[in-house]
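Participant: Dropping the structure in here first, questions after.
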Amino acid sequence: MSNCYLIVIGGGAAGIFAALRAKKCNPDARVLLLEKTAVLLAKVRISGGGRCNVTHSCFDPKELTSHYPRGNKELLGPFHRFGPKDTIEWFQGKGITLKTEKDGRIFPATDSSETIIQCLLGEAKRLNVEIGLRQKIQTIEKTEEGFCIHLKEGESLHCKKLLLATGSSSQGYEWAKQLGHTIQKPLPSLFTFNVPTSPLKELSGISATDCELHLKGTSFRQRGPVLITHFGFSGPAVIKLSAWAAPYLFEKGYKADLIINWMPGSTPLPKRLMKKLKQDLHADCFRIEGKTTHREEFVTCGGVTLNEINFKTMESKICPGLYFAGEILNIDGVTGGFNFQNAWTTGFLAGS
Ligand SMILES: Cc1cc2nc3c(=O)[nH]c(=O)nc-3n(C[C@H](O)[C@H](O)[C@H](O)COP(=O)(O)OP(=O)(O)OC[C@H]3O[C@@H](n4cnc5c(N)ncnc54)[C@H](O)[C@@H]3O)c2cc1C
């Protein structure tokens, strides 16, 4: 039997960052992180095409929240307390050089996610965060003093405070439910549109830099670059639209009419595309019939219901001593470093 001040379940960006913060705030307290797999920070490793888009150079909290289809209202206060500037300072303070790309995305100067992983793991070691890998948790029990974690091997761990940072794992949602929370249905976000009948497929690879997209019959709109692919449409404006409309598109079985205004401004179109577009340039209609995962970054929308959480501390309003951070919450951002920023921010607050 083992006693801890804090047990963190989940060794992703949010869980590790929270554990580091907790140990920094309470150096003498025992902080134990339990991870079910054999590796920590697996998603950080594959993130941003192996480069890890750590955050985004958007420093106004209000503007920053506009990049979160879910969680924008709740994240405003947290971003005032720990925003992208703090993330940058945190990593720079550990000797990591970051660089900002033209579109505002921030990466380690090495262009390698390994830099971020080694930094976080080095800190965990330095601060003496205890880490248990391949941990199979059977049940979580609420006790008078806090929580009792029953492991499959028969051991029980006791803690005063418990943080669930299990990302989009169904087990994490299940524990949250057992401890009194409600879960918004987990659904995929950040995907591209399949348009099997698209007459533009032969132009696969061509981008139009300024288009306005609109899902017919809805208020979902986005403006930005569109990439023509061999299965339909991709590109920043499409991925963003998929995030904002994720629950709607799920409900419609990923079938909808996409209206594209190819030239909402004065940016000229690529010649081959211009030639091919026979219909109205300003209201071209395409039938979406399915989605494809955007391999560079995808997230789950849905998760722990936000009004059940105190966003000053990330503590549950329902179960005292229970905290949440990261993707387990019903928060998701568009691509560009916003999802990690959510993990750093909520992890920081939960660990504080
Ligand atoms: C391919 C890809 C690329 C991405 N690139 C970017 C990017 O460049 N920038 C960006 O901002 N976002 C990116 N994202 C999104 C980002 O990775 C996530 O938003 C972020 O990792 C969420 O962190 P988290 O700690 O909440 O969850 P996770 O990273 O999912 O971590 C959860 C951890 O909990 C563990 N766990 C789950 N269940 C249990 C259990 N029962 N017991 C113990 N442990 C458990 C998991 O094994 C995992 O280690 C990307 C996502 C993907 C899939």
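Since every read-out is calculated from the coordinates, none of them should be taken as a lab result. Just so it is clear, the model here is predicted, and its values are computed rather than measured. Neighbour counts are summed over all protein chains in view; Cβ atoms, including those assigned to glycine, are modelled from backbone coordinates with ideal geometry.
Participant: Near the amide H of V8, under 5 Å away, which other amide H atoms are found, from residues 5 or more places off or on another chain, if H is placed in the peptide plane?
Facilitator: HN-HN under 5 Å from V8: L32, L33, L34, L163.
Participant: What whole number of Å gives the distance from the Cα centroid of segment 213-270 to the Cα centroid of segment 88-138?
Facilitator: Rounded to whole Å, the Cα centres lie 34 Å apart.
Participant: Looking at this model, which pairs from K94/K161; K36/K102; K125/K160 are more than 31 angstrom apart at the alpha-carbon?
Facilitator: Pairs exceeding the cut-off: K36/K102.
Participant: Obtain the nm distance between the two label points defined at L127 and Q92 by a simple spin-label model: each point lies 7 Å from its Cα along the Cα-to-C-beta direction.
Facilitator: 2.0 nm
Participant: Zone of E296 (label point 7 Å along Cα→Cβ, backbone N under 15 Å): which residues in segment 231-256?
Facilitator: 233-243
Participant: Only Lys, Arg, Asp and Glu count, each charged at its Cβ (+1, +1, -1, -1), so figure out the dipole size of the chain about its Cα centre, rounded to 20 debye.
Facilitator: So the magnitude is around 540 debye.
Participant: Next question. Straight-line reach from K276: which lysines have a Cα under 30 Å away, not including same-chain ones fewer than 8 places off?
Facilitator: Filter leaves K201, K216, K240, K252, K255, K291.
Participant: Mind checking which of I328, I106, I16 has the largest fluctuation in a GNM of the chain, springs on alpha carbons under 10 Å?
Facilitator: In this elastic network of the chain, the residue with the biggest mean-square fluctuation among I328, I106, I16 is I106.
Participant: Turning to a different aspect of this structure: Along the Cα→Cβ direction, 7 angstrom out, place labels at E144 and D28. What is the inter-label distance in nm?
Facilitator: Label-label distance for E144 and D28, simple model: 2.5 nm.
Participant: While we're looking at this one, here's another question. Provide the descending list of Cα extents for the chain along its principal axes, expressed in whole angstroms.
Facilitator: Result for the chain: principal-axis Cα extents of 72, 41, 34 Å.
Participant: Calculate the translational D of segment 73-181 in whole µm² s⁻¹ from Stokes-Einstein, where the hydrodynamic radius comes from the Kirkwood formula applied to all Cα pairs, the temperature is 25 °C and the viscosity 0.890 mPa s.
Facilitator: Reported coefficient: 142 µm²/s.
Participant: For L187 paired with K216, estimate the spin-label separation in nm (one decimal), with each label point 7 Å from Cα along the Cα-to-Cβ line.
Facilitator: In this crude label model, L187 to K216 measures out at 2.0 nm.
Participant: Please give the length that would be gained between E155 and K73 if that part of the chain were fully extended, namely 0.36 nm times their separation in residues minus their C-alpha to C-alpha distance (nm, one decimal).
Facilitator: That pair, E155 and K73, stretches by 25.4 nm at full extension.
Participant: Considering the dipole of segment 191-293 built from charges on the beta carbon (Lys and Arg +1, Asp and Glu -1) around the Cα centre, which of V226, A256, S204 is farthest to its positive end?
Facilitator: Looking along the dipole axis, the top candidate is S204.
Participant: If you wrap a convex hull around the alpha carbons of segment 191-293, what volume per residue comes out, as a whole number of Å³?
Facilitator: 84 Å³
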